[in-house]
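Written out below as structure tokens is the structure these notes cover.
Every number here is computed from the coordinates shown, using simple stated rules; none is lab data. Since this is a predicted model, take the numbers as computed values, not measurements. Positions of Cβ are backbone-derived with ideal geometry, glycine not excepted, and every protein chain shown enters the neighbour counts.
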Amino acid sequence: MENENKFWPVTFRRKDIPRLFGFNVRSFDTLVNQGLLHPIVFGSLKLYKTSDMLAYLDKKQIK
């Protein structure tokens, strides 16, 4: 449990958004629908790269 707070996961699922990034799942869906984030699909499982999300948040913070 202690390591969970210190390290970012490499990928995350849609339902992990509030815990990892602190905002609404619907807001994340908007980013995906706009084509700003792309899923990695394994059958019915969709994973998103944490590096893409952090890069997007950094870009938004600079503007």
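What to note about this one:
- Alpha-carbon Rg/Rh ratio, for the chain, with Rh computed the Kirkwood way: 0.96
- Peptide ranges 8-14, 40-46, 20-26 listed from the most packed, as the mean C-beta count within 10 angstrom indicates: 8-14, 20-26, 40-46
- Pairs of Lys residues in the chain are counted when their Cα atoms are under 18 angstrom apart and they lie 8 or more places apart or on different chains; the count is 5.
- Charged-residue dipole, Cβ positions (Lys, Arg, Asp, Glu), the chain about Cα centre, Debye nearest 20: 180 debye
- Sequence-separation-based contact order of the chain, relative, with Cα cut under 8 Å and 6+ spacing, percent: 34 percent
- Rough spin-label spacing in nm, given labels placed 7 Å along Cα→Cβ, for Leu36 and Leu20: 1.6 nm
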